[in-house]
1. So which residues in segment 48-62 are touching a helix residue (DSSP H, G or I) at 6+ places or on another chain (Cβ under 9 Å) and not polar (S, T, N, Q), if there are any at all?
2. With respect to residue 76, determine if the residue is at pLDDT 95 or above and at negative phi.
3. Under 8 Å by Cβ, and 6 or more places apart or on different chains, what pairs join a residue from segment 7-20 that is modelled with pLDDT of 50 or more with one that is surrounded by 11 or more Cβ atoms within 10 Å (Cβ to Cβ) and among the hydroxyl-bearing types (Ser, Thr, Tyr)?
4. Report every pair of residues separated by at least 6 positions or lying on different chains whose Cβ atoms are under 6 Å apart, first residue within segment 44-59 and small (Gly, Ala, Ser), second buried (at least 16 other Cβ atoms within 10 Å of the Cβ).
5. Report, by residue number, each residue of segment 59-85 that is part of a loop (DSSP other than H, G, I, E, B), surrounded by 14 or more Cβ atoms within 10 Å (Cβ to Cβ) and aromatic (Phe, Trp, Tyr).
6. Could you look through segment 21-43, keep only residues that are free of Cβ contacts under 8 Å to residues at least 24 places away in the same chain and among the hydroxyl-bearing types (Ser, Thr, Tyr), and pick out the one that is nearest to residue 94 (Cα to Cα)?
7. Which one of the conditions (1) at pLDDT below 95; (2) surrounded by fewer than 16 Cβ atoms within 10 Å (Cβ to Cβ); (3) in a helix (DSSP H, G or I); (4) not hydrophobic (A, V, I, L, M, F, W, C) does residue 56 fail to meet, given that it meets all the rest?
8. Inside segment 79-92, can you point out the residues that are over 17 Å from residue 19 (Cβ atoms) and under 16 Å from the mean Cα position of the chain (by Cα)?
Amino acid sequence: MSSSEDPIAKDERRSKLEIYLDILWVIKQYDERGAKKSNIVYEAKTGWVNIDKHLDFLIGYGFIEKCKEDETYHLSIKGIKAISHYEPLKDMFYPRIIKPEEI
């Protein structure tokens, strides 16, 4: 299957919602430590140009919080709820391929 036929090809343009949810997912992976801006840019594949706008939106709507001491980002309760609703939907639309060794 070529990348043009692949429904989850990485070069597809994402909606703002998908970008926001990817950012939340990355921050979730850093748990208690918090995610630095560079972690978010590289792992959510957002690019440096719009990252501040995305983070400001998520902070403004209460999905994430910024720790001023070490410049890290953490999920709020609202962000945790958003992720908990997103992950099952993502699994439904983009099922994970199970490798034989995982069975």
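1. 48, 51, 52, 54, 55, 57, 58, 61, 62
2. yes
3. Matching pairs, first to second residue: 19/46.
4. As it stands, the answer is 44/22; 44/23; 44/26, since those pairs meet every condition given.
5. Answer for segment 59-85, where residues must be part of a loop (DSSP other than H, G, I, E, B), surrounded by 14 or more Cβ atoms within 10 Å (Cβ to Cβ) and aromatic (Phe, Trp, Tyr): just 63.
6. The selected residue is 42.
7. Unmet for residue 56, out of (1) at pLDDT below 95; (2) surrounded by fewer than 16 Cβ atoms within 10 Å (Cβ to Cβ); (3) in a helix (DSSP H, G or I); (4) not hydrophobic (A, V, I, L, M, F, W, C): (1).
8. Passing the criteria: 80, 81, 84, 88, 91.
The values are calculated or read from the model by the stated rules, or taken from the named source; none is laboratory data. Predicted model, so just to flag it, every value in this text is computed and none were measured. Glycine gets a Cβ as well: all are built from the backbone with ideal geometry, and neighbour counts include every protein chain shown.
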